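*Asks:* Can you read through this structure? Questions will come right after.
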Amino acid sequence: MGREDSHYRPDGAAGGGNNQPPAKPATGRVPVPDAQLFRTQSPIPPAGSSWPDPTPNSPTSGPVGKAAVPTSPAGPVGRAAPPTGSASVPPGPTPGASPNLAEQTQDLTAGTGPENGQGATLAPERPGPPGPIAPTSGAAPVPPRPSGRRRLPLVLAAVLVLVLVTVGLVVVRPGPVGRWLGDGDAGPATVVPVEPAPVAVLAAADVGAPMPSAEGMRAVLDPLVGDAALGGRVNVAVADALTGQPLFERGGGEGTVPASVTKLLTAVTVLTARGPGYRIPTRAVSGAEPGEVVIVGGGDPTLAAGAKGFYPGAASLEDLANQVRTALGGNAPSRVLVDSSLYPGPVYGPGWDDDIPTGGYGAAVTALMLDGARKDPKAGQGWAERVPQPDLTAGRAFARLLGVPDSAVQKGTAPAAPTEATGAPAESTEPGAELGVVQSPPLIRLVDIMISESDNIVAEALARQVALARDEPGSYAGGATAMAEVVSELGLPAGGLTLADGSGLSRRNLISPALLTEALALAASPDRPELGGIFGGLPVGGWSGTLRDRYGAAPGTAAGAGVVRAKTGTLTRVHSIAGVVTTAEGRLLTFAVLTDQVPPDGMESARSALDRIAAALATCGCH
């Protein structure tokens, strides 16, 4: 039975869950700064533009490992000055709001900041008409009753004064109602406790920190690597992230079944081949017959039927259908063809366990699909029931949006696009003419999802993007060939490398620990800035993703909490971990531990043994 990371669904567990406690307060994962050293950040460019920086979903900050915790500095509280007749109130952010990383990644065309608001000036009141003459008799004088015309400016003036005073309080004295000013003697019941300073999630890396010695590493790691819980074959590599210098190896060059740690190579190769800002298109074109519309899958696994699907910021068929209706000028289509020919070959991966296609973590991989082939887009992360024919399911959803019945949907191939030789205008509905197109989120966002949630379907889609970028078929074999080519192009050690898929579900994959540590060191280097995005989604020990419930309960692992950032991998008998860790002295290390001969019932003990190795690195001076 295949088990993929912590997404394994125990027998009897409810579908759609992963039997894990919710993550600590964070939006999917902990916001952390750029893992690449000496590098600043910038937002993601729109499709087709240059890529200045690879980590748009990380707040600008210092070196690897330092948590980015937004703070709101409290200014001095003073007494509000009385209004002087005018006030200028610049708009500001909503109090208490915090940045949302997913939204920052998707909002690629944000404009400039708001303009300052204009102040209001009080004008002198115009005198009203004289009142009636007082009677001359002894009767008490009756005060004159103001006219409606005179009351109006008085009311307006009072309202303006009230507004200005209120604005002055808001600008000078933000805070809860009842204690904005901080003036006067407040009773004990009104004292507001001071919020403690936020605690850093990750320790800071220090490029000047001493590098551990090989002898010190051996003294610390040899006893842990020999733990019987890790089974009969354990291969390990540890290297310095700044220099790439190997510090410890035991079978470091040997190919080992990596499980989901494969996704680190998928991330490095797709960011190299396509670039972080690339978006995957889904197109609709005119069919060969009148009234025929062809939806052409481009390989976007996150596509949604409506405005909100499983993946945040996904493109929608609803948008595509609206474009098609506009292009057709109100003429209703009568038939929909589904072209998913971009992915030839088998839909299930070679070397997958028999239960993976129906086990909730794998699916048929097709060039057109909705919500990662989930049957229910509202399903939770991890295990989810998948549809058997994702491309036809998506085609039928598209047809319904166009008013075409399911019976008029079938697979087919789009006609070739019209060329200038045909004389057809660009906006025509000649066969093959484009009627609409929607784009996926940028690849950097898909890489982030793949790593943080260990999403197998996104991983397979990204492996095929490597293949297409290198003119290989969009198949499992094409993806594996192209990924290996890119590994060699990057100068990484390819000895012992065998790839069969991009997710790590295949037991035919073999990757050496040294390849993983060198790939991580390259991604942390300023020499390849486009690769730094792989660090944004790495789970944090004891905090997020597949590590959120680790590094705490098991003896000898607590030191790794908030310090270890790593991708995990799990299949039956296979357990692995690879990532980065900051030592007690502040040195950043890359590490990989792969084991593929663990007893079938030894998952928990093997994970604890892996965590003890990473935690030992966190406490290491190792000189």
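*Asks:* Pairs only if they're at least six apart or on different chains, beta carbon under 8 angstrom, first in the range 407-418 and within 14 Å of A284 (Cα to Cα) and in contact (Cβ under 8 Å) with a residue 40 or more places away in the chain, second open to solvent by 70 Å² or more (accessible area, probe 1.4 Å) and assigned to a loop (DSSP other than H, G, I, E, B); list them, first residue then second.
*Replies:* Qualifying pairs under 8 Å: T413/S341.
*Asks:* Taking L594, is it under 23 Å from L510 (Cα atoms) and not in a strand (DSSP E or B)?
*Replies:* The answer is no for L594.
*Asks:* Being open to solvent by less than 10 Å² (accessible area, probe 1.4 Å), touching a Gly at 6+ places or on another chain (Cβ under 9 Å), closer than 25 Å to G545 by Cβ and modelled with pLDDT of 95 or more: is that true of A459 here?
*Replies:* Spelling it out, A459 is indeed open to solvent by less than 10 Å² (accessible area, probe 1.4 Å), touching a Gly at 6+ places or on another chain (Cβ under 9 Å), closer than 25 Å to G545 by Cβ and modelled with pLDDT of 95 or more.
*Asks:* Tell me which residues, restricted to the range 486-525, are at pLDDT below 95 and within 14 Å of S576 (Cα to Cα).
*Replies:* Once the filter is applied, which keeps residues that are at pLDDT below 95 and within 14 Å of S576 (Cα to Cα), the range 486-525 yields nothing.
*Asks:* Within the range 208-240, restricting attention to residues that are out of contact with any strand residue (DSSP E or B) (no Cβ under 8 Å at 6 or more places or on another chain), hydrophobic (A, V, I, L, M, F, W, C) and touching a residue at least 12 places away in the same chain (Cβ under 8 Å), which residue is farthest from P258 (Cα to Cα)?
*Replies:* Out of the qualifying residues, it is A209.
*Asks:* Got a number for residues in the range 563-579 being open to solvent by less than 10 Å² (accessible area, probe 1.4 Å), out of contact with any Gly (no Cβ under 6 Å at 6 or more places or on another chain) and more than 30 Å from D355 (Cα to Cα)?
*Replies:* 0
*Asks:* Please indicate, with yes or no, whether at least one residue in the range 534-551 is open to solvent by less than 30 Å² (accessible area, probe 1.4 Å) and among the acidic types (D, E).
*Replies:* There is no residue in the range 534-551 that is open to solvent by less than 30 Å² (accessible area, probe 1.4 Å) and among the acidic types (D, E).
*Asks:* Let me ask something else. Any residue that is of a type in the set (S, T, Y), open to solvent by 40 Å² or more (accessible area, probe 1.4 Å) and without any contact (Cβ under 8 Å) to a residue 12 or more places away in the chain - is there at least one of those in the range 491-506?
*Replies:* Within the range 491-506 (the criterion being of a type in the set (S, T, Y), open to solvent by 40 Å² or more (accessible area, probe 1.4 Å) and without any contact (Cβ under 8 Å) to a residue 12 or more places away in the chain), the answer is no, since none of the residues qualifies.
Yes/no matrix, rows are residues, columns are (1) without any contact (Cβ under 8 Å) to a residue 60 or more places away in the chain; (2) surrounded by 21 or more Cβ atoms within 10 Å (Cβ to Cβ):
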| residue | (1), (2) |
| --- | --- |
| P312 | no, no |
| S316 | no, no |
| S340 | no, yes |
| P357 | yes, no |
| A364 | yes, no |
| A367 | no, yes |
| G382 | no, yes |
| Q389 | yes, no |
| F398 | no, yes |
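*Asks:* For the range 251-261, give me each residue that is assigned to a loop (DSSP other than H, G, I, E, B), crowded, with 21+ Cβ neighbours inside 10 Å and of a type outside the set (A, V, I, L, M, F, W, C).
*Replies:* Within the range 251-261, G252, P258 qualify.
*Asks:* Within the bounds of the range 602-620, is there any residue that is touching a helix residue (DSSP H, G or I) at 6+ places or on another chain (Cβ under 8 Å) and under 18 Å from T266 (Cβ atoms)?
*Replies:* no
*Asks:* A follow-up question, please. Report yes if L265 is of a type in the set (A, V, I, L, M), in the same structural domain as V574 (by the TED database), open to solvent by less than 10 Å² (accessible area, probe 1.4 Å) and at pLDDT 95 or above, otherwise no.
*Replies:* No.
*Asks:* Return the total of residues in the range 213-250 being more than 15 Å from A592 (Cα to Cα), exposed (fewer than 15 other Cβ atoms within 10 Å of the Cβ) and under 34 Å from the mean Cα position of the chain (by Cα).
*Replies:* So the answer is 1.
The values are calculated or read from the model by the stated rules, or taken from the named source; none is laboratory data. Just so it is clear, the structure is predicted and the values come from calculations on it, not from any experiment. For neighbour counting, all protein chains shown are included, and Cβ atoms are generated from backbone atoms with ideal geometry for every residue, glycine included. Remember, those area values only see protein heavy atoms, side chains included, never the ligands or the DNA or RNA. Shrake-Rupley method; radii C 1.70, N 1.55, O 1.52, S 1.80 Å.
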